[in-house]
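Below you'll find the structure, written out as structure tokens, and then a few comments.
The values are calculated or read from the model by the stated rules, or taken from the named source; none is laboratory data. Since the structure is predicted, the reported quantities are computational estimates derived from the model, not experimental observations. Because the Cβ atoms are built from the backbone with ideal geometry, glycine has one as well, and the counts that use them run over all protein chains shown.
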Protein chains: 2
Amino acid sequence: MRLSQYFLPTLKENPAEAQVVSHRLMLRAGMISQTAAGSYSWLPMGKRVLSKIEQIIREEQNRVGVHEITMPTLQPDELWQESGRSDAYGKEMLRIKDRHERTLVYAPTAEEVVTDIGRRFMKSYRDLPVGLYQIQWKFRDEIRPRFGVIRGREFLMKDAYTFDVDFESAEKTYYRMFSAYQKTFARMGVAALAVQAETGPIGGTLSHEFHVLAQTGESTLFYDPKIDELKQADTLDLKALTELYAASDELHDPAKCPLKEEELRTTKGIEMGHIFYLGMKYSEAMGLQLQGADGKMFHPHMGCFGIGVTRMVAAVIEANHDEKGMIWPWPVAPFHVGILNMRVKDEATSQICEALEEKLGAMGLQTLYDDRDERAGVKFADMDLIGVPYQILVGPKNAANQQVELKNRRTGEVELLSVDEAVNALKSQQEHFARQVFQG
Amino acid sequence: MRLSQYFLPTLKENPAEAQVVSHRLMLRAGMISQTAAGSYSWLPMGKRVLSKIEQIIREEQNRVGVHEITMPTLQPDELWQESGRSDAYGKEMLRIKDRHERTLVYAPTAEEVVTDIGRRFMKSYRDLPVGLYQIQWKFRDEIRPRFGVIRGREFLMKDAYTFDVDFESAEKTYYRMFSAYQKTFARMGVAALAVQAETGPIGGTLSHEFHVLAQTGESTLFYDPKIDELKQADTLDLKALTELYAASDELHDPAKCPLKEEELRTTKGIEMGHIFYLGMKYSEAMGLQLQGADGKMFHPHMGCFGIGVTRMVAAVIEANHDEKGMIWPWPVAPFHVGILNMRVKDEATSQICEALEEKLGAMGLQTLYDDRDERAGVKFADMDLIGVPYQILVGPKNAANQQVELKNRRTGEVELLSVDEAVNALKSQQEHFARQVFQG
């Protein structure tokens, strides 16, 4: 992408309305623009990151065998009456009358619709286990939306729903999804911690929250240091892991905690995912029953598994930034490499930039080429703000020697390299991350 | 994908509520399930097709240099007041009061929001031309939703908006998008015809509708046979093409048509896309102005360019089916190849099926492996209904000779081939379509 042809409206000033660093940086880097209270338009660079995060989530969901579907954003209120949740959700759920005076709700979650799909099409225990997920826009009418896309009203969420014949099978499904979540966060280049959670109005008995660790996180997390030890192991023993103490400040109770305060480790996090074993709450309430192996009808055991997709963009920034701007982990970076043309009117300089653009593009890397006729200071500041992981600086002096500077945005390290050396260094990065995807 | 592990709830009976063939087949093949009047859940196979269509549209939009964004589904009514369209849309536009009694509308289109983005961030003629598009859910509260996803209430649409300095530049943009549309439909394996269109409540002066040709189409199209001649040419002269007469029954007026009735060609179509040159209607109404090269402020000339994405799935089916079911064009097929195991308990048969599944998968082909313990008749009927373009039939007799039958779903042709020959035949198909993408 050439910056002169892109739509990347960066701001020089810090927007006054932004209280948290991710909100500030997303506005400054032209990733989002507020369209209504708590509701954002995703501008081209924001949309690129959002799509990459979506795709990682999708790949890891597909890998554990749940199938992608899409349910409507507007759902009939009748289904919510059946489950008994229409009133429970209160004013956070947006209610709408259509032209025929039927009540629709803008879905904050989709247990009712997916259970309705189940009772239409699932007949026998042989149809199970089955899991369905969607990545779809949701709405929660927060009384006070804040922190940009962290607590917005219209947001993108991945929600998966699973159906099993009994608790034993549902528990296996639960832990399979648990490990998919760990892999999903790891692939995005962020550290995450699962803590025991309350099930709340969604119901059920087994539940975890996944927090992305960030100094600026809203939640304080308390956990058994053995968790860090277990995570070092080659193969992770999930059951052992989840038996160890880990709780957010909402649930942490020193009186009930098996460890003394000084034995606990504490950290800060942002809640990014929530998983629940739901039991038969919805299958019973909505009359979803299947024929068992013994010929008798039974209600399937369900689970539900959410990740905040739009919120994830902000969490990655909260965990990866410095005073100059964002520092994208490679797998979710809007572009892998920035090319900075330090003198657009110098032919040799421009030739090297264009050759790099073509070569890196042919390798499958995404480049952002700053071909604007701007001062060096503006180019440096913009590229640091955007946080592309690697920058190639091409100036007339080095260009004359077929050399360029390769800068690592995270470490700030700059190396003077030949054009080929720079390309090879980026190729190693690319291969490193491609291996990670397959090894999990 | 193994059918035993998939969620593909096919129906044997024709659903009574479906009046058109695409609706009937989508329900029978378990692609969609109605969740509310005019509102569908997309089940796994439907979602696969939808995603492929989305991706082709996205690639062709990116190729002409418009940038993907996402705007919220719910928009502030204030913006629609500014453009004067809040009342014009009437009851088709869903209005919602949030908890603070502010009115939101569920967007049927997004000229207002994108113009608002423009006036926040576009400063100078140097920022133009720029084009932004999204693929986002829309809602139109049709009084009588019908024909399944052809005239639903909640639907997925690609909508692009462009900004140019003057009419000349806007006209170039218009024709660049016009040709992107032709390529988009061609890549999906359907024939399309552009007809002159009225601009309607959206405004502007230059407008075309794109219809996918199908015997079962709602619209009758009248056009100059020279259009078919022009399309045969190596390079298409778009200006010449659009000067020739082509109109749908809504606009066709024999009295004003330059051709006699017997000179016209007629065909049937389904409206899939609509493109408009909008002029300065929105930039004026909403005060979007930029500084020109001469230092004076000017209102950009806008264009808008829509494609019905969910409707496209139905249109492809209307144009590609027979009495047994759907016949997917390769580029949008949910799976490229079906593997039918005719005796799952025979080891040699199953081994060949699994080897094929692995080999074709490694080539990047998507397979649907019918590994169910079902009668041959059920397997034939389901695979024909689903309409996967190629089927490989593996039975115990042929398996003993390392042979399989390769069936072309469209022609019905069946060839007895060695396993390797079958794989090579599919490889040629794959290469043929890969070339098409790049040649345009």
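Any residue at all in the stretch A:220-230 that is assigned by TED's automatic domain parsing to the domain that holds A:R58 and within 30 Å of A:S51 (Cα to Cα)? It would help to see each step written out before you state the result.
We begin by selecting, within the stretch A:220-230, every residue assigned by TED's automatic domain parsing to the domain that holds A:R58; these are A:220-230.
With the extra rule that they be within 30 Å of A:S51 (Cα to Cα), the set shrinks to A:220-221.
The answer is yes, given that some residue of the stretch A:220-230 is assigned by TED's automatic domain parsing to the domain that holds A:R58 and within 30 Å of A:S51 (Cα to Cα).
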If you scan the stretch A:258-317, which residues turn out to be closer than 21 Å to A:A247 by Cβ and among the aromatic types (F, W, Y)? A:F276, A:Y277, A:F305
If B:F7 satisfies all but one of (1) surrounded by fewer than 19 Cβ atoms within 10 Å (Cβ to Cβ); (2) of a type outside the set (A, V, I, L, M); (3) under 30 Å from B:E354 (Cα atoms), what's the number of the condition it fails? (1)
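Need at least 2 residues that are surrounded by fewer than 21 Cβ atoms within 10 Å (Cβ to Cβ), of a type in the set (D, E, K, R) and within 7 Å of another protein chain (Cβ to nearest Cβ) per element, so show me which helices (runs of 4 or more DSSP H) inside the stretch A:60-144 make the cut, counting only ones lying wholly within it.
On the way: elements: A:77-83, A:85-88, A:111-121.
So the answer is none; nothing clears 2.
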Under 6 Å between Cβ atoms, which residue pairs at least 6 apart in sequence (or on different chains) link something in the stretch A:27-46 that is more than 9 Å from chain B (Cβ to nearest Cβ) with a partner that is part of a strand (DSSP E or B) and at pLDDT 95 or above? A:I32/A:Y40; A:I32/A:W42; A:Q34/A:Y40
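Looking at A:V49, is it away from chain B (no Cβ under 11 Å), surrounded by 20 or more Cβ atoms within 10 Å (Cβ to Cβ) and not basic (K, R)? Outline the logic, then answer.
Details: away from chain B (no Cβ under 11 Å): yes; surrounded by 20 or more Cβ atoms within 10 Å (Cβ to Cβ): yes; not basic (K, R): yes.
In short, yes.
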Long-range neighbours under 9 Å by Cβ, at least six apart or interchain, first residue in the same structural domain as B:E271 (by TED's automatic domain parsing) and over 17 Å from B:E271 (Cβ atoms) within the stretch B:237-258, second part of a loop (DSSP other than H, G, I, E, B) and β-branched (V, I, T): none
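State whether the residues of the stretch A:332-341 include one that is out of contact with any helix residue (DSSP H, G or I) (no Cβ under 7 Å at 6 or more places or on another chain) and farther than 26 Å from A:F185 by Cβ.
Within the stretch A:332-341, the subset out of contact with any helix residue (DSSP H, G or I) (no Cβ under 7 Å at 6 or more places or on another chain) is A:333, A:335.
With the extra rule that they be farther than 26 Å from A:F185 by Cβ, the set shrinks to none.
No, there is no match, as no residue in the stretch A:332-341 is out of contact with any helix residue (DSSP H, G or I) (no Cβ under 7 Å at 6 or more places or on another chain) and farther than 26 Å from A:F185 by Cβ.
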Taking the options A:F185, A:F163, name whichever one is under 27 Å from A:L25 (Cβ atoms), buried (at least 22 other Cβ atoms within 10 Å of the Cβ) and modelled with pLDDT of 95 or more. A:F185
(1) within 14 Å of chain A (Cβ to nearest Cβ); (2) closer than 30 Å to A:R99 by Cα: which one isn't true of B:F163, the others all being true? (2)
Could you give me the residue pairs with C-beta distances under 6 Å whose first residue belongs to the stretch A:347-369 and is outside the structural domain of A:P389 (by TED's automatic domain parsing), whose second residue is among the charged types (D, E, K, R) wherever it lies, and which are 6+ apart or on separate chains? none
Quick check on the stretch B:230-250. Is at least one of its residues more than 30 Å from B:D322 (Cα to Cα) and touching a Pro at 6+ places or on another chain (Cβ under 8 Å)? yes
Scan (1) buried (at least 21 other Cβ atoms within 10 Å of the Cβ); (2) within 24 Å of B:V114 (Cβ to Cβ) for the single condition B:I150 breaks and write down its number. (2)
Which condition number in (1) touching a Gly at 6+ places or on another chain (Cβ under 8 Å); (2) among the aliphatic types (A, V, I, L, M); (3) away from every other protein chain (no Cβ under 12 Å); (4) in a loop (DSSP other than H, G, I, E, B) is the one that A:L11 fails? (3)
Cβ contacts < 8 Å: first residue closer than 23 Å to A:F163 by Cβ, restricted to the stretch B:1-18; second residue of a type in the set (F, W, Y) and surrounded by fewer than 19 Cβ atoms within 10 Å (Cβ to Cβ), any location; separation 6+ or different chain. Result? B:F7/A:F121; B:P9/A:F121
Do we have A:L417 as aliphatic (A, V, I, L, M) and either part of a loop (DSSP other than H, G, I, E, B) or surrounded by fewer than 19 Cβ atoms within 10 Å (Cβ to Cβ) (or both) here? yes
Tell me, please, whether a residue that is in a strand (DSSP E or B) and surrounded by fewer than 22 Cβ atoms within 10 Å (Cβ to Cβ) can be found in the stretch B:225-240. no
Does B:F147 fit the bill of being more than 16 Å from B:I307 (Cβ to Cβ) and more than 14 Å from chain A (Cβ to nearest Cβ)? yes
